[in-house]
1. Quote the charge dipole size of region 1-104 about the Cα centre in Debye, to the nearest 20; the model charges only the Cβ of Lys and Arg (+1) and of Asp and Glu (-1).
2. Can you compute the FRET efficiency between S79 and K111 using 1/(1 + (r/R0)^6), with r the Cβ-Cβ distance and R0 = 30 Å? Round to the nearest 0.05.
3. For the pairs K56/K84; K98/K165; K42/K111, flag any whose C-alpha to C-alpha distance is greater than 28 Å.
4. Give the residues of region 142-157 whose amide nitrogen is closer than 20 Å to a point set 7 Å from the Cα of E32 in the direction of its Cβ.
5. Between N78, N140, Q120, whose Cα lies farthest towards the positive end of the dipole of region 2-177 when Lys and Arg beta carbons carry +1 and Asp and Glu beta carbons carry -1, centred on the Cα centre?
6. Find which of M92, G31, G16 sits farthest along the positive direction of the dipole of region 2-177, computed with +1 on the beta-carbon of Lys and Arg, -1 on that of Asp and Glu, about the Cα centre.
7. Which whole-number percent of Cα pairs in the chain have a distance greater than 19 Å?
8. Using the crude model of +1 on Lys and Arg Cβ and -1 on Asp and Glu Cβ, and no other charge, please compute the dipole size for region 2-177 relative to its Cα centre, in debye to 20.
Amino acid sequence: MIYYILIALGVLILWGIFAYNGFIALRTRAGEAWADIEVQLKRRYDLIPNLISTVKGYATHESSVFESVTKARGQAMNSQGPTKEHAQAENMLSGALKSIFALSEAYPDLKANTNFLALQNELSDTENKIQAARRFYNTNVRDLNIKIESFPSNVVAKMFDFSKKEFFDLADNDVAQNPVEVKF
């Protein structure tokens, strides 16, 4: 009888170790995925000043558009972590960037400018990479959150204080869902 108890205890301890290591792996993957998002966001932040300076040469009297992009960029850069506030700041920046691209429609010379086109393509590529990184992050957060809430792994999660992470959802805001209106 003692052998059965020792075997059961050994299996339970091994399961606890594997569950703990599983949480560590999921938490690390979520952290890595968030770092990927930050890299792409930094890339976007770095492209914006070049885009603004290119557009400024053609549309000098559109200062409110440039100010809104600059303000939105600053807010997005200053917000931290995968929080709702950060997602809202990123949505504001996306909306402000859309207004710059809408502005190009009124300036045919700008639309044909190779620097503008190259920056537009880079920014579009970066936006696609941000979306892919966001999906990867949210997938890892989902897996971690499911494991934290599922029985019996939730016992280990509570013992070692693993907590749920927040999803990073950029489509949570009217700015991201509605088209930008540009008035001249």
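1. Dipole of region 1-104, to the nearest 20 debye: 60 debye.
2. Details: r = 32 Å, r/R0 = 1.06.
Using R0 = 30 Å, I get an efficiency of 0.40.
3. Numbers: K56/K84 32 Å; K98/K165 30 Å; K42/K111 25 Å.
Pairs exceeding the cut-off: K56/K84; K98/K165.
4. In region 142-157, the label zone of E32 (backbone N under 20 Å from the point 7 Å along Cα→Cβ) covers 142-148.
5. The listed residue farthest towards the positive side: N140.
6. Checked the options; the winner is G16.
7. Working: 10962 of 16836 pairs.
Here the tail beyond 19 Å accounts for 65 percent of pairs.
8. On the way: 19 positive and 20 negative charges, 90 e Å.
Charge dipole, region 2-177, about its Cα centre: 440 debye, nearest 20.
Laboratory data are not the source of any read-out in this text; all were calculated from the coordinates shown. Everything numeric in this text was worked out from a predicted model, so none of it was measured. Neighbour counts are summed over all protein chains in view; Cβ atoms, including those assigned to glycine, are modelled from backbone coordinates with ideal geometry.
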